[in-house]
1. For region 344-407 and region 299-336, what is the separation of their C-alpha centers, rounded to whole Å?
2. Across region 311-350, how large is the tail of the calculated P(r) beyond 15 Å, expressed as a percent of all Cα pairs?
3. For residue 293 and residue 399, FRET efficiency with R0 = 22 Å and r from the beta-carbon atoms, rounded to 0.05?
4. Using label points projected 7 Å from each Cα along Cα→Cβ, tell me how many nm separate residue 70 and residue 119, to one decimal.
5. With labels modelled as points extended 7 Å from the Cα through the Cβ direction, what inter-label distance (nm, one decimal) is found for residue 126 paired with residue 379?
6. Hey, got the Cα dimensions of region 338-412 along the principal axes, in Å, largest first?
7. What shape does region 283-389 take by its C-alpha gyration tensor, where a ≥ b ≥ c are the square roots of the eigenvalues and a/c under 1.5 counts as rounded, a/b above b/c as prolate, and the rest as oblate?
8. With label points built 7 Å along Cα→Cβ from the Cα atoms of residue 411 and residue 245, find their separation and express it in nm.
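What follows draws every value from the coordinates through simple rules; no lab data is involved. Every value quoted in this text rests on a predicted model; they were computed, and no experiment measured them. Neighbour counts run over all protein chains shown; Cβ positions are idealised from the backbone, glycine included.
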């Protein structure tokens, strides 16, 4: 009955160990998720700051759009008025062409009259000359007519001079008028070009006003979207905060449950160990006996080495663990390592081969240090292959779990525990181990362990 109870306790301990392992892995994942969640919250905080800046920028953009629309509207009205005045001015300028051409016609008409007056003056002067000649022929009887003939000739000369002067002035006026008409024609051509540009400018101003209106509408839409996004970001931040607190609480509860399971595991292991000491034959009895034999052989081997001075107590109990450079996971060496590799490892290989269920025999000092291991677990590490190293290069490492600690601190001839063997990268294997205390010259060195599959 006691043996059966012990076995059932061992099964419970195994189940508790496996469950505690799952919970430990779950807790690590929750903690990793919590860390990532913390990073996400930091990113969300930064996003919230950027979102606030976006809201302010969108509001400023909307305000700027309204100001621009007002300025463009005012400018459009002013430009429209100015363009209207310019258009009228151009129309007035283009209207001058007809007036100037009519003025040229008048000048030409007056010039023709002036030419006719000049011709009349010349004919009159010739008539006066003829009259003077005839008066001279008539003697005293025609002296009065001679005076009139002289006066006619003088007046004809004055009329000719006046006609010539008027002709010169009309010529100068004609030249000035034609030069003015040339400039006006150039201005008229520029005015027509300006008129087409004015029409284009009107169309452009209308397009600008339309674009500004669209810009204002889009700005209002941006403000609406940023306001909605700001609310979504705030809601998301709140949700992340609640989820973060929930994750922390879940991790705490999982850790609490794992602790309770480990306590239950410890209690079950204590019952298993107590049952193993009851004197009844169980499936564990063979491995307990093999462990006791192996421990005696190891202690005898070390005692003989001390006698032959192949080893001394300082090297045997050396606790200065020197890290092996480049090892991953970290391996250590101390004064006992070389002796253990050379003399103890063959013993461990031979003892491991005694039963197919045995996965390995090893030594563990009071700090959890394994100076050596079986050859299959003492291979040279492979750089960058931590997982492989964890399984195949377990020697020279330090391992400590609650079962090993209990066996190291406990008093007894042996300890039988069920536990999870750490294989690295959150991988474990359920084992049952027999721990035999190793005492060298009255001083406890550590444990001899035999791990086997159930």
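1. The distance from the Cα centre of region 344-407 to that of region 299-336 comes to 15 Å.
2. 50
3. Using R0 = 22 Å, I get an efficiency of 0.40.
4. Placing both labels 7 Å along Cα→Cβ, they lie 7.7 nm apart.
5. 14.5
6. The principal-axis extents, from largest down, are 39, 29, 27 Å.
7. On the way: a/c = 2.14, a/b = 1.13, b/c = 1.90.
Verdict is oblate for region 283-389.
8. According to this spin-label approximation, the distance is 5.1 nm.
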